[in-house]
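Reviewing the structure listed below.
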Amino acid sequence: MYRDVSLKSLRSQTNIAEAPITEVLSMLRDAAGRVEGEPAQLVKDAVKVLSSHEYAPAITRFRDGDRMANQYYDGLIRLHHPARQRKRSVVDAFRDKRGSQGERRRVSADVKNALENDNTWSFDILQLEKVTEHHALTQLGMKVFDRWKVADLLGCNEEVMHRWLATIEAHYHSGNAYHNATHAADVLQATSYFLESSSVAGYVSENHAVAALIAAAVHDLDHPGRGNAFLINTRQSLAVLYNDHSVLENHHVALAFQLTLQQSNNVNIFGQLSREEFHAMRMAIVEMVLATDISRHFEYLDKFNKVASMNANDISDDIRDSHSLTVCNMLVKCADISNPTREWALCQKWAHRIVEEYFDQTREEREKGLPVTMEVFDRKTCNVPITQCGFIDMFVREAFTTFSDFAELDHLLTQLESNYKQWKAQKESWTPANNSNLQI
């Protein structure tokens, strides 16, 4: 392990000192049990407010002299931090999910073979991309959604679900090296895999599990292959529309609902939900997609750490829903940055794809005289292995140390460290000439 004290050991220490907010929440819940009527409800409302307080981070996780960390900070985070009722759980809802399956669509033998083992961490999404001719999201989505009975839970039929997936897939940019429909399919597969964990299932409600799968599918919808800073620096209409805050993430989820709710598309997978059910589902999906904004990475990580240190059985009903959402936010976030935890061949190819996209952005920024978001991603000088080690150090290791401990998926960390060693071994021999022959 990479911490002196694991989350497992924290859970076993019943006398551990509580944070002040935790003590306050405990006192309020105790008070709510001693009164009745309106006063009790007011106390419960106060508990809900305190349980979902806004976050004001002080980023101190890296050294000022760490050039790579500062590059990632300036390019991905600094934009937004200039100052440096008991619902059924996944276990309840999907206990028999592998029983009766919906009617299958016909797929070729190659596609069927590529879809085998889609519930394992060694699943090769790039092979599925190849045999489906870049339609991995629709093919995988139908299988994953069927396994989790998403259509049944939403009350829509298989045809509507298929049309919805095809519509979503069509609005990803196939010309992007990284942010395309295959990446969305990869994140969907990882999200489904994480939800399989019994430790995760104990926290996650039925509705939030469905929301997480949908959020994964749409989380980068219509991504232009350029980051938030680029859109802001070029004064793109989306940046103006969303006031420079989580520009792309807001766009991804807004467009997803616009496409879904257009009557002419006949793809409204939410059409059978009540007004209240739709509102709750929509809010959860929006929150999960917004959580993928890397500039808010440490905010969501810190919120998750607080929940992960608690025992699921000790969480009161009045805040269980909030904690379920917190877990799903982290789950989708980890799925989004999970490439470094995949088997080496996949890890390397995904790294080359994102680097290729960054190279194109840097070139365009220089051509247009714009501020260069991340100077290390210049094709003429970049050392790709160093950038990958930096990304793992800055974002991935801490997130997966926490999450894999919580979800009891230790093999993710083992693979991460193995890949890290592979990148380190390439650092000295890497030359800029390699940047013209990336495996994408």
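The values are calculated or read from the model by the stated rules, or taken from the named source; none is laboratory data. Being a predicted model, the structure only gives us computed values, none of them experimental. As a convention, Cβ positions derive from the backbone with ideal geometry for all residues, glycine included, and neighbour counts pool all protein chains shown.
Residues in the stretch 309-340 that are assigned to a helix (DSSP H, G or I), more than 17 Å from the chain's Cα centre (by Cα) and not polar (S, T, N, Q): 7 in all.
Scanning the stretch 181-234 for residues that are of a type in the set (Lys, Arg) and assigned to a helix (DSSP H, G or I) turns up nothing. In the stretch 383-440, which residue that is among the polar types (S, T, N, Q), more than 22 Å from Met68 (Cα to Cα) and assigned to a loop (DSSP other than H, G, I, E, B) is modelled with the highest pLDDT? Among those that are among the polar types (S, T, N, Q), more than 22 Å from Met68 (Cα to Cα) and assigned to a loop (DSSP other than H, G, I, E, B), it is Asn437.
Summed over the stretch 363-401, residues that are over 30 Å from Phe194 (Cβ atoms) and of a type in the set (A, V, I, L, M, F, W, C) total 4. A single entry from Arg282, Arg342 fulfils the requirement of being surrounded by 17 or more Cβ atoms within 10 Å (Cβ to Cβ), at pLDDT 95 or above, over 30 Å from Asp152 (Cα atoms) and in contact with a Phe, Trp or Tyr (Cβ under 8 Å, 6 or more places away or on another chain): Arg342. Check the stretch 203-213 and report whether any residue there is modelled with pLDDT of 95 or more and surrounded by fewer than 18 Cβ atoms within 10 Å (Cβ to Cβ). Looking through the stretch 203-213, none of the residues is modelled with pLDDT of 95 or more and surrounded by fewer than 18 Cβ atoms within 10 Å (Cβ to Cβ).
Taking the stretch 244-263 as the search range and keeping residues that are in contact with a His (Cβ under 7 Å, 6 or more places away or on another chain) and crowded, with 21+ Cβ neighbours inside 10 Å, which one is farthest from Ala181 (Cα to Cα)? This residue is Leu248. Among the residues of the stretch 264-280, not a single one is part of a helix (DSSP H, G or I) and in contact with a His (Cβ under 8 Å, 6 or more places away or on another chain). Would you be able to say whether some residue in the stretch 390-404 is among the basic types (Lys, Arg) and more than 24 Å from Phe304 (Cβ to Cβ)? Checked against the condition, which is being among the basic types (Lys, Arg) and more than 24 Å from Phe304 (Cβ to Cβ), the stretch 390-404 yields no hits at all.
Considering only the stretch 116-152, state which residues are buried (at least 19 other Cβ atoms within 10 Å of the Cβ), closer than 25 Å to Glu206 by Cβ and hydrophobic (A, V, I, L, M, F, W, C). Of everything in the stretch 116-152, those that are buried (at least 19 other Cβ atoms within 10 Å of the Cβ), closer than 25 Å to Glu206 by Cβ and hydrophobic (A, V, I, L, M, F, W, C) turn out to be Phe123, Leu137, Leu140, Met142, Val144, Phe145, Trp148, Val150, Ala151.
Kindly indicate whether Glu375 is in a helix (DSSP H, G or I) and within 21 Å of His179 (Cα to Cα). Here the answer is no, as Glu375 does not meet what is asked. Selection of the stretch 359-372 for residues being touching a Phe, Trp or Tyr at 6+ places or on another chain (Cβ under 9 Å) and under 20 Å from Tyr178 (Cβ atoms) yields Phe359, Gln361, Thr362, Glu364, Glu365.
All conditions in (1) crowded, with 17+ Cβ neighbours inside 10 Å; (2) within 24 Å of Tyr73 (Cβ to Cβ); (3) of a type in the set (S, T, N, Q) hold for Gln348, with the sole exception of (2). Among the numbered conditions (1) in contact with a helix residue (DSSP H, G or I) (Cβ under 8 Å, 6 or more places away or on another chain); (2) in a loop (DSSP other than H, G, I, E, B), the only one that Glu129 does not meet is (2). For the stretch 302-320, filtered to residues that are crowded, with 20+ Cβ neighbours inside 10 Å and not basic (Lys, Arg), the residue that is farthest from Gly75 (Cα to Cα) is Ile319. Out of curiosity, is Tyr178 buried (at least 17 other Cβ atoms within 10 Å of the Cβ) and within 26 Å of Asp360 (Cα to Cα)? Yes: the conditions hold for Tyr178.
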